[in-house]
Each structure stands twice: as structure tokens, then as C-alpha cells.
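**Student:** After the C-alpha cells below, expect a handful of questions from me.
The values are calculated or read from the model by the stated rules, or taken from the named source; none is laboratory data. For clarity, every value in this text was computed on a predicted model and none was experimentally measured. When we count neighbours, we look across all protein chains shown, and the Cβ atoms used for this are built from the backbone with ideal geometry, even at glycine.
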Amino acid sequence: MSSQGYSQAIGSSDEGEVILPYSQEYLDQYNADLDKKAAEYNATFRSRSKAQAFDNGQKGNVVGACNLITCGSFEKVDVNGGTFRTAVGGTNGQYQADARYTCWDDDGTVDWSEGQYISYSTTNSNSVYPGIIEPSTFDGGGFAIFSYQNEAIRQTLTVVPNTVYTVCFEIAVIPRYATVNSNNQGGGILEYAPNLQFGVRNGAVQITDPLTYTHNDLIQHPQSDFPTRLSFSSSGNGGNQNPGGWTEINPYWENRCITFRSGNSATSVEVFYKTGNPGRSVVLVDGLRLSVEGYANSPTVDPIFKEYCQPTQVALDTFVTSTTPPGAILKWTTNPDLTVTGDHLPNNPTVTTPGVWYAFYYNPTLGCTSPSRKLTLTNTDLDSSYTKQNVTCFDGNDGSINLTVTGGSNSYTYFWTTSNGSGLNPTAEDQSGLTAGTYNVTINDGTCTTQETVVITQPNQINVEAGDYGPLCDNVSPITLTGTPTNSNGTWSGTGVTDNGNGTASFDPTGLSGSITVTYSYTDGNSCSNSDTADIMVNTAPSAPVSGGNQTECALDPIQTLIATATVPGGQSIVWYDLAIGGNVVSPTWNTIGSKTYYAEAVNNTTSCKSSTRTPVTLTLNNCGIILEKIASPNNPQGCTPIAPGESISYTFKVSIPVGASPVYNVQLSDPLLEAPNPVVPIVYVSGDDGDGLLEGGEEWIYTASYTVTQQNITNGQVQNTATVNGLVQTSGNPYPVSTSSSVTVNLCQDAEMSIVKSSTSATGDCINFEPGNTIDYKFVVTNEGDVDITNVVISDPLFLAPNPVVPIVLVSGDNGDGILNVGEVWTFNATYTITQNDIDAGSVVNTAEVDGNSVLGAVDTATSNTVTVLICQAADIAIVKSSDQDPGTNGCVDLAEGDVITYTFTVTNEGNVSIDNVVVTDPLVGLSAITGPTGDTGSDGILGLDETWEYTATYAVTQDDVDAGQVTNQAAVNGLAMNPSNTPVSDDSHPTSTTADGDTVVVICQAADIAIVKSSDQDPGTNGCVDLAEGDVITYTFTVTNEG
């Protein structure tokens, strides 16, 4: 719906589409109703010729538009007289000020224009109004312009009585602008407040639509929809400037139609446009149409443009979505001029694309048509071509395709495929790096597709042969390789290959094994190449056998037989020789004092390849042996030897051979006790050798060494070790190793002892002002004073045990991480104690710690620390405040009389840092009641703690003396004993408000002195109000005086 509440339908002309203010549903219903009404008057239409019925004598039976108006479209031919002037820019048509029209009656100075903005009939508008108004796209041509109040145009139209018509107006309203001077100044909007009416009258009868519309029935465009000013500039102005130097104005043309019925006897109606007073805007009016039976609307064609990928037969009627009005025929033509009947197509035509056709409704009775609707059907001009580059050499990938695409939407996508090629980029336009094969591409412009098939070829392959060789053993001489063709264009490559430059090469299998691939490559004159390979099986010659080891033994009785041994992998065998090279095959056995060497060769059972070398194995039989004795000093074999850490044990080593044994050389004496990880100590040769380095029969070689005892030795309780002597027996072949060992143990004496020292930085000898909750830090230093390690070290201190709060004593340093208090190790522990009131009352914190542990010898004797005393400063103090329940008034006193009671409160507090007991409150005030209390004694323990406040009370009856004195004044006192070791007495005299000052508590009594007197007689009047007295009677008077203060 528009802002006026009208639906909008699409109307058309050859130039394009316009918006009509009616829905398609409304127009269809209107046509149906119109046809029904028209049927009643068919006789009228048939009784006269079309020329008579429609005043269309010039057209006769020729098909024409169903518009009953032959004049009034505001074309130039409709303007009568006046001077036509060229619009601004010279290319925007003409205009005329205060125009006269051939078929319109007008009032005022109505102007005419084909585009030039004009106001107040200014004849030089092309000079002072640089603005061009966009013509109507529906009707085009010229239009009338109202720019002043009380202007109007009107036209009388001939109609058939009692017939339904539709009259359509085309109209727009724009602001009125000021003139622009030669400096391009001015041109702003002057006013934009329209006062407009238009419609049909004088013979028209309303059906549904109002017969008169106003400017309020148009779409209400705000002033911001229009240019802010007119200007000669070629740019700017909100984008409204034409490069030719004028302002382009979009007037927002609208159609408004009125369906009415002519009166029963009406033969004419009047259509009109007029402005009122005031009319402060510019009104534009254009084409006017009057139609009957609903033929004012063209068929609805959807879509109006369609593209096909190839020539296609289509039924044109399928593009029409509107309903054909009753009595009409849907027609098609190839000519936009509907009067050319020779171009009309048969009903429901089928055509082949491409082409342009026009749909319209034709009324055979009236001989007229509706406006046409253009349908454009096209065939795509999408096309493609290509150039290609074939592969240069067999199995190459330098093929390419250069694709050229024309037509279509100019927005293409590509899809390449191949079943036997490679190197494609499936979505690229052009391709490169292709192998031989067939390639297909589909080009898609978003609507249609085209295809190409491209075959990339390659030359035949060059015939190259490398030949056949082998098998070889890897320890044979090189062989010659020969390729075909055999010339300098061929090249050999591969492991073990040396190219000779003439198509041959030398192949050396040394160091190779398995299948060795060698390649013969050949390049022809076109730079195309091919290659062939030959697989040469190189069998690895077996490695020499692995010796079972040279055998050197001491001869037995009877003498034994030694047999040489060696091993080879499976699939190989061993052949024994008596020489390393050549020689005879032998059986490798030996059973004589002395040595013999045999040589083993490996043979592959499958390839028959032999090892390049032979493995020697020597067999030796010797007489051999050696003796070692080790002695330690000091050493007490019957008990422990008292040696401290750092003291030494001296060792003596005696080395000899058995009687009759072969001499031993390279004698080596070792003892792990004297080697790393222990401190390395040299074993020193002393005597025994005759100088030849051979340990011979009858010789005894003496060595010495010294070992330093460690703490770990004492912890272990002994030093035990074994020395070993090694040597070689002198033979004709390889030496025979001899070895023996000797052990000695020294048992060590042990002792376990530790100490503890306790300290605190707070133990200064002077007292410290501690409060409950303050802390004391303690340090405990534990030292291993013995010669064995100690485990399970535990410090106990009653200060940190129940009933005191249990506090852990924490190890902070000294342990090397093994949890063992090693000899000489010093451990430091810390603990923190929290001060209590009891400690402050006691004046010090005194305590002693102990430490216990275990060693390999059992429980270690308990060690007791020194006593640590931390002194605490004491300050015993007490305070009392005496107050009353009497609050003075604004006059500073209290109204009290004799017998009134004052209640006193005695507030006692502990102002020191020591608890106080034996608290007694006294007050010398005579007449004071007994003092009761206290309240506030936490735990009712009779101890005035630091945070406690005790309250006592007593009462006092005011006496007349007090009233006469004008006050009650007195002072209380409190006494107690501090709970420190010396029970220091504490006391304080009261003050009415302060705990630090002393002073009387005073209750000020308000005083008011006053007296009164009453005089009375002894005569009582009777009922008559008088007393019967006679002369001489006596009256007794009484004067009563009272204190009223």
C-alpha cells in the first residue's frame, strides 16, 4: 500500500514500466464489472458506428489504443501560439511561458515545458532557472506547469450515458525555487506547500473512487527528496548536477485513476486540474486517458526478458500472467505499432527464439487495443575457441591450451576434465604443464554453457637398451657396460659406475651388495631423451669367520687337546688352512706345550663367494699360577680397633708364584678400596723384583698402601676389602692371564652422641612489652657429636605440647636430604610460641627442650638444651568511673525532693596488662545502700581481665539537707591485687566520666524557695450561708503557714 492507501500495479509502455495506483486484483474485478455493465448497453454501441461512438472518425476500422481522448497529452502540437524557447543546455527540449492549449481551457498563467523548470511564466527561465525536470516515462513528451495560485485547466469529454469509464491523470508536485544570478548564487527552495485538486465532474457519478483528488492523495515526498537548490555547476549539489551544467529534478510522477459512471442522460463530463489560494508549489500535469471496459491496462508479462542457450520454441501466451478481460482477445505482434495488423500473430502463437514480441488485449467489437507489453527473448552468443601446444618429447608435460571465450554474460566459470592426461587446473581458463591426453572443458556464463575437446599429442619414445650383466661377487675386478645406441650421446650413471663418454662404462662391484640398478640415458638431436636400466646382482662376499677366540690354557695332566673354533652365518661354511694366504687345508687341533695358529676361510654355499681374508685362531698350552697375601695394621682380630675418622689403616701386599710355575710378567695389583669412588690411593711397589720385570720362582714382591677411615666406615662398623693381582704367563705365543685375590677385615669401634642448643631473639635480658597474641620465635640447633649417623631425630619441648596449643617444631636447614643426622651435621629447627595472658601475668616465658634419636647402636641418650627465659614487661593499673541515673535539664539541675532515690553505677576496668583479683569498691557517702555486683565477670572467676568491664550499683535517698545544699557530692574508690608474682596492689579514685582522671560525682538539685499562709475561723455557716452570732460572741482565727518551695 502507498501512503494514500492505494495498491500499486505495474503499467507499461514501449519505453519501460510505470507504477499504477491499482492492484491487479482490483483491475481484474473492475474489468469484470465494467463488462457486465457494458453488456446492458451493447445495443447502444452497435446502433452507431465506432466513429460516432468514440469521435474517432479519422481512424475508422483501423486498430488503435482504447483511449477515448484524442487531444490533451500536452505534446507540442497541443500548444497554440506563443513563443517556444530552448531549454537550458540546448538539448533538453523547449518550453513556453503562459501557454495556450488547443483542447484545454485554462485560467491564469499555465506554462508548458518539455523539461525546462519554469515558474511564474518567466520567459527567460533557461537563464535564471538551471533546472531540468525529468519527463514522465509513461507518457513522455511535454507537460503543463502550474506555479501560481488559482490556476486551472479543464476539458470536456464526450461520453455515452450511464456507462462506466476510467479516467487516469498523470501528475507530480515539486518545490518552487528562486532564480539563480550570473554568479551562480541563489536558486534555493522558496516554498513547498501545495494546494491542488484534480478529477472529473459535470456529468460524472461516483462509484467507489472519489471524483476529486487533492495533493494529499499523492505520495507525500519530503522536501529532502528534491535538490536543495538550482545551480549551473557541473557536479556536487548532492549528486543532482548534470555535467552539462544544470540541476536534474526527479518530480516522482504518479498516476491517479478514477472509475466513474456517466449520468443517465449525460453525454459529456469535464476533467480538470486546478490550484487553490494559496498554492505555494509547482504542479506538473501530463497525459490524460479515458477508457471504457477496462482496456486501459496492458497484459502482465513475466518475465519481460529471457535468454535461451539455443534456439527454442516457446508458447508466447505462457509469459502472460494476467487474466484476459471479458470480450477481449490476447494478441501478439512483432511491431510496437499496434495499428500494423499485418504484423499481428495468430492466437496463442508458438515462436522460435530469438526475437521481440508485444502482447496486448484487442477488443474486436470496439476495434481498439490496450497498451502493449514488450517481451524480449534472446539466444546466448556464448562461444569459445582455443589454440594448443603439443608435448615436445614422449612422456613430457609441456603441453598447453590457450582458451578464448566470447559472448554470454562475460562472467565465466570453467570446469576441465580428462581421463588420460594430467596437469590440469580444473577451474582455470588456460592450461599449462599438460601431458599427452584428451581434455574436455565446459564454459558456463551463469546461464548457458559451451564445450571444447582438445587432444594434446606426443612423439614416439626413443628405443634405448642398457643390456644384461652379472651376477658378481663384490670382491671381483670391474666389468664393462655397453649401451645401445652406442655413441657419445649416451651416458651411464649409477652406483659403482664410471662413464667412459662413448656409450660404455666401467662397473666396480667393490663395496656394493644386492641388486644394483645402473641407467643408460640417451638424448637425440631434438633434445628428447629416454633411458633404460640394468639390474646387476652383486653378491656380497662373506666376511671372514668370527674367531671362537684364541685358546691359552695351563697344561693338565694328562695334557688336553685344544680345537680351534670359528663361526659363520647360516648358508656359509668354514675351510681351515695352515697359512693366512694359500697353504693347505688342515684339521685345527693342538695338544702340546706351546702354541699353534690355524686360519679359517668363509664360503657362501649358494654363490660360492669366498671371504677376502682368513681369520687366525691360536691354540696355547702353558704351565701357570700366582699367589697374593694382604695384611692390615692396626687390626685387632679378637675385637674392635679404635680408629677415628681421618686416621689411616696401612696395608701390605705380598705377591709370589707357586713352585715350578712359569714366570709371570705384567703383574698388576688392584684394590677397589683404594679406587674411585673412594679416594684414589696408589699401591706402591717396595721390593722383591730382581730387575727383569718377571715374577719368578723364589721371588716375593712387596707392595704397600694406606687407607683413610671415613665416617661411613665407622657407621658400618668395619673396613672390609679384597685385593686382586693379575699377570701374564710368558709363553711362545699369546700370554696366558693368571689372577688371584686376598681379603682382610678391620672391625671398628663406634660411639653415638648428640647435643641441642635452644635460643630466641626475644631473650635479651630486658623485658618486652608483649600483648596476648604476640609471638616468640625459637631456634633449636641439634649437632651429631658422635661418630655414627642418627635417625628419627625428634625434639620435644613442653612449651609446644598440650595443654598448651600444640605447635610443630620445623626442620629448616642442615639436612642433606637423607633424613639422617650425619656425623658432624648440624640441623636447625624453628618454632613460634603465641603469648597468653597467663604469660604476661607470670612476667616471663621459661622453658627447656630435649632431643632424642636412634643409631645403628640403638637409642641415643636424650640430650637436654639450655634454659631460655624471655622477660615480659608488666604494668598493673585499674580505673573506676562513678555515674548516676540523673540527667540535668536545660537549667543544669535535677528536680529532686527529700526521699527521691539516686541510683549510682560504678564501672571498673583493667587499664594495665596484668589480670587483677581481690577487687573491692568502696564509697564513703553516708546513707548509700550496699554496693552490689559485679556484672561482666567472664567465667565468674573473680579475675578482672584486660577486656572485661565490671559494673557495680548502689542507691541513695535524697535528704532535705541535700536539697538545701543544692547538690549531692561524693567520690568512690576501687582496690585490687595484680596477679603477678609479687601481687602488686592497684587502686583508683573515681571520676564521673574519665578512666584517667579523678574527681567527685556531683548531682546538682534545682532549688525554688516559696512560702504560703492560710487564715481560717472556727465558724461554720449554716444552710442559709451565714452564722448566727451576737454581740460579744468570740471568733477564733487560725493562721496556717507552709513552705511551698
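**Student:** Has the stretch 753-769 got any residue that is within 30 Å of residue 632 (Cβ to Cβ) and touching a Phe, Trp or Tyr at 6+ places or on another chain (Cβ under 9 Å)? Walk me through how you get there before you give the answer.
**Tutor:** Residues of the stretch 753-769 that are within 30 Å of residue 632 (Cβ to Cβ), as a first pass: 753.
Keeping just the survivors that are touching a Phe, Trp or Tyr at 6+ places or on another chain (Cβ under 9 Å) gives none.
No - not one qualifying residue is present in the stretch 753-769.
**Student:** Do we find that residue 994 is in contact with a Gly (Cβ under 9 Å, 6 or more places away or on another chain) and within 30 Å of residue 900 (Cβ to Cβ) in this structure?
**Tutor:** Numbers: in contact with a Gly (Cβ under 9 Å, 6 or more places away or on another chain): no; within 30 Å of residue 900 (Cβ to Cβ): yes.
Judged against the criteria, residue 994 is not a match.
**Student:** For the stretch 778-794: of the residues being farther than 18 Å from residue 718 by Cα and more than 59 Å from the chain's Cα centre (by Cα), which is surrounded by the most Cβ atoms within 10 Å (Cβ to Cβ)? Outline the logic, then answer.
**Tutor:** The initial filter retains those residues of the stretch 778-794 that are farther than 18 Å from residue 718 by Cα, namely 778-785, 791-794.
Now drop any that are not more than 59 Å from the chain's Cα centre (by Cα), which leaves 783-785.
Working: 783: 19, 784: 25, 785: 14.
Restricting to residues being farther than 18 Å from residue 718 by Cα and more than 59 Å from the chain's Cα centre (by Cα), the top hit is 784.
**Student:** So, in the stretch 346-361, of the ones that are under 16 Å from residue 299 (Cα atoms) and in contact with a helix residue (DSSP H, G or I) (Cβ under 8 Å, 6 or more places away or on another chain), which residue ends up surrounded by the most Cβ atoms within 10 Å (Cβ to Cβ)? Reasoning before the result, please.
**Tutor:** Taking the stretch 346-361 as the starting set, the residues that turn out to be under 16 Å from residue 299 (Cα atoms) are 347-349, 356-361.
Imposing the further condition that a residue be in contact with a helix residue (DSSP H, G or I) (Cβ under 8 Å, 6 or more places away or on another chain) reduces the set to 348-349, 357, 359.
Working: 348: 11, 349: 15, 357: 22, 359: 25.
Among those residues, the one meeting the criterion is 359.
**Student:** Determine the pairs where a residue that is within 13 Å of residue 965 (Cα to Cα) and outside the structural domain of residue 955 (by TED's automatic domain parsing), located within the stretch 889-904, has a partner that is modelled with pLDDT under 90 and in a loop (DSSP other than H, G, I, E, B) with Cβ atoms under 6 Å apart, the partner being 6 or more residues away or on another chain.
**Tutor:** none
**Student:** Kindly check whether there is at least one residue in the stretch 425-442 that is closer than 30 Å to residue 496 by Cα, part of a strand (DSSP E or B) and not assigned by TED's automatic domain parsing to the domain that holds residue 315. Talk me through it step by step, then tell me what you get.
**Tutor:** Looking only at the stretch 425-442, we keep the residues that are closer than 30 Å to residue 496 by Cα, and these are none.
The answer is no; no qualifying residue exists.
**Student:** Here is a further query. So which residues in the stretch 390-419 are closer than 20 Å to residue 525 by Cα and exposed (fewer than 14 other Cβ atoms within 10 Å of the Cβ), if there are any at all?
**Tutor:** Correct list: 395 only.
**Student:** Sticking with this structure for a sec: Scan the stretch 576-593 and tell me whether some residue there is touching a Leu at 6+ places or on another chain (Cβ under 9 Å) and within 30 Å of residue 518 (Cβ to Cβ).
**Tutor:** Our first condition is that a residue be touching a Leu at 6+ places or on another chain (Cβ under 9 Å); within the stretch 576-593, this holds for 588-593.
Among the residues that remain, those that are also within 30 Å of residue 518 (Cβ to Cβ) are: none.
No: zero hits.
**Student:** Kindly list, by first and then second residue, each pair from a residue in the stretch 616-633 that is under 30 Å from residue 746 (Cβ atoms) and free of Cβ contacts under 8 Å to residues at least 24 places away in the same chain to a residue that is assigned to a strand (DSSP E or B) and among the hydroxyl-bearing types (Ser, Thr, Tyr), limited to pairs with Cβ atoms under 9 Å and residues at least 6 apart or on different chains.
**Tutor:** Pairs that qualify, where the first residue is under 30 Å from residue 746 (Cβ atoms) and free of Cβ contacts under 8 Å to residues at least 24 places away in the same chain and the partner is assigned to a strand (DSSP E or B) and among the hydroxyl-bearing types (Ser, Thr, Tyr), are 633/650; 633/651; 633/652.
**Student:** Still on this structure: Need a quick list: strands (runs of 3 or more DSSP E) entirely within the stretch 89-179 having at least 3 residues that are buried (at least 18 other Cβ atoms within 10 Å of the Cβ) and of a type in the set (A, V, I, L, M). Show your work before the answer.
**Tutor:** On the way: elements: 94-96, 105-107, 111-113, 131-133, 143-146, 152-158, 164-174.
Here the list reads 152-158, 164-174.
**Student:** Evaluate the stretch 577-585: report whether one residue or more is touching a Cys at 6+ places or on another chain (Cβ under 6 Å) and at pLDDT below 95. Steps first, please.
**Tutor:** First pass over the stretch 577-585, keeping only residues touching a Cys at 6+ places or on another chain (Cβ under 6 Å): none.
There is no residue in the stretch 577-585 that is touching a Cys at 6+ places or on another chain (Cβ under 6 Å) and at pLDDT below 95.
**Student:** Determine, yes or no, whether residue 952 is at pLDDT 95 or above and either in the same structural domain as residue 839 (by TED's automatic domain parsing) or more than 30 Å from residue 1008 (Cβ to Cβ) (or both).
**Tutor:** Values: at pLDDT 95 or above: yes; either in the same structural domain as residue 839 (by TED's automatic domain parsing) or more than 30 Å from residue 1008 (Cβ to Cβ) (or both): yes.
In short, yes.
**Student:** Restrict the check to the stretch 747-765 and report whether at least one residue is buried (at least 19 other Cβ atoms within 10 Å of the Cβ), over 59 Å from the mean Cα position of the chain (by Cα), under 30 Å from residue 685 (Cβ atoms) and not hydroxyl-bearing (Ser, Thr, Tyr).
**Tutor:** yes
**Student:** Looking at 812, 794, which one is assigned to a strand (DSSP E or B), without any contact (Cβ under 8 Å) to a residue 24 or more places away in the chain and over 30 Å from residue 695 (Cβ atoms)? So that I can check it myself, show each step before the final result.
**Tutor:** Details: 794 fails: without any contact (Cβ under 8 Å) to a residue 24 or more places away in the chain.
812 is the lone residue from the list that is assigned to a strand (DSSP E or B), without any contact (Cβ under 8 Å) to a residue 24 or more places away in the chain and over 30 Å from residue 695 (Cβ atoms).
**Student:** Here's something else I'd like to know. Taking the stretch 180-209 as the search range and keeping residues that are under 60 Å from the mean Cα position of the chain (by Cα) and part of a strand (DSSP E or B), which one is farthest from residue 72 (Cα to Cα)?
**Tutor:** Within the stretch 180-209, the subset under 60 Å from the mean Cα position of the chain (by Cα) is 184-194.
Of the ones still in play, those that are also part of a strand (DSSP E or B) are 186, 188-191, 193.
On the way: 186: 35, 188: 32, 189: 30, 190: 30, 191: 29, 193: 27 Å.
Top of the filtered list is 186.
**Student:** If you check every pair at least six apart or on different chains, which have Cβ atoms under 6 Å apart with a residue in the stretch 766-781 that is in the same structural domain as residue 836 (by TED's automatic domain parsing) first and a residue that is polar (S, T, N, Q) and in a strand (DSSP E or B) second?
**Tutor:** Close Cβ pairs satisfying both conditions: 775/832; 775/834; 776/760; 777/832; 778/760; 779/759; 779/830; 781/828.
**Student:** Taking the stretch 953-974 only, how many residues are closer than 15 Å to residue 921 by Cα and either in contact with a Pro (Cβ under 7 Å, 6 or more places away or on another chain) or in a loop (DSSP other than H, G, I, E, B) (or both)?
**Tutor:** Initial filter on the stretch 953-974 (closer than 15 Å to residue 921 by Cα): 953-955, 970-974.
If we keep only those that are either in contact with a Pro (Cβ under 7 Å, 6 or more places away or on another chain) or in a loop (DSSP other than H, G, I, E, B) (or both) too, we end up with 970-972.
Counting residues in the stretch 953-974 that are closer than 15 Å to residue 921 by Cα and either in contact with a Pro (Cβ under 7 Å, 6 or more places away or on another chain) or in a loop (DSSP other than H, G, I, E, B) (or both) gives 3.
**Student:** I've got another one for you. Mind checking which strands (runs of 3 or more DSSP E) fall wholly inside the stretch 684-730 and carry at least 1 residues that are within 30 Å of residue 821 (Cα to Cα)? Outline the logic, then answer.
**Tutor:** On the way: elements: 684-687, 701-708, 718-729.
Of the strands (runs of 3 or more DSSP E) lying wholly inside the stretch 684-730, those with at least 1 residues that are within 30 Å of residue 821 (Cα to Cα) span 701-708, 718-729.
**Student:** Restricting attention to the stretch 662-683, which residues are part of a loop (DSSP other than H, G, I, E, B), among the hydrophobic types (A, V, I, L, M, F, W, C) and under 15 Å from residue 650 (Cα atoms)? Don't jump to the end; show me each part of the working.
**Tutor:** Let us first name the residues in the stretch 662-683 that are part of a loop (DSSP other than H, G, I, E, B), namely 662-663, 671, 675-683.
Those still in the list that are among the hydrophobic types (A, V, I, L, M, F, W, C) too: 676, 680-681, 683.
Correct list: 680, 681, 683.
**Student:** Quick one: is residue 683 over 26 Å from residue 641 (Cα atoms) and either at pLDDT below 90 or surrounded by 14 or more Cβ atoms within 10 Å (Cβ to Cβ) (or both)?
**Tutor:** Details: over 26 Å from residue 641 (Cα atoms): no; either at pLDDT below 90 or surrounded by 14 or more Cβ atoms within 10 Å (Cβ to Cβ) (or both): yes.
In short, no.
**Student:** Please go through (1) free of Cβ contacts under 8 Å to residues at least 24 places away in the same chain; (2) farther than 19 Å from residue 307 by Cβ for residue 391 and return the number of the only condition it doesn't satisfy.
**Tutor:** Against the list (1) free of Cβ contacts under 8 Å to residues at least 24 places away in the same chain; (2) farther than 19 Å from residue 307 by Cβ, residue 391 comes up short only on (1).
**Student:** Just for strands (runs of 3 or more DSSP E) wholly inside the stretch 517-606: which have at least 1 residues that are farther than 30 Å from residue 391 by Cα and touching a residue at least 60 places away in the same chain (Cβ under 8 Å)? If you could, list the steps in order and put the result at the bottom.
**Tutor:** Working: elements: 529-539, 551-554, 572-577, 594-604.
Passing ranges, in order: 529-539, 551-554, 594-604.
**Student:** Assuming residue 593 fulfils every condition listed in (1) within 60 Å of the chain's Cα centre (by Cα); (2) not assigned by TED's automatic domain parsing to the domain that holds residue 723 apart from one, which condition is it?
**Tutor:** All conditions are met except number (1).
**Student:** Here are the criteria: (1) in contact with a Gly (Cβ under 9 Å, 6 or more places away or on another chain); (2) assigned by TED's automatic domain parsing to the domain that holds residue 827. Tell me which single one residue 695 does not satisfy.
**Tutor:** Exception for residue 695: condition (2).
**Student:** Any idea which of (1) in a loop (DSSP other than H, G, I, E, B); (2) surrounded by fewer than 10 Cβ atoms within 10 Å (Cβ to Cβ); (3) in contact with a Ser or Thr (Cβ under 8 Å, 6 or more places away or on another chain) is the one residue 993 doesn't satisfy?
**Tutor:** The single condition residue 993 does not satisfy is (2).
For every residue, the table says whether it meets (1) of a type in the set (Asp, Glu); (2) touching a residue at least 60 places away in the same chain (Cβ under 8 Å).
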site	(1), (2)
461	no, yes
474	yes, yes
482	no, no
491	no, no
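**Student:** Looking only at the stretch 246-259, decide whether some residue is in contact with a Pro (Cβ under 8 Å, 6 or more places away or on another chain), among the aromatic types (Phe, Trp, Tyr) and part of a strand (DSSP E or B).
**Tutor:** Yes, that holds for at least one residue.
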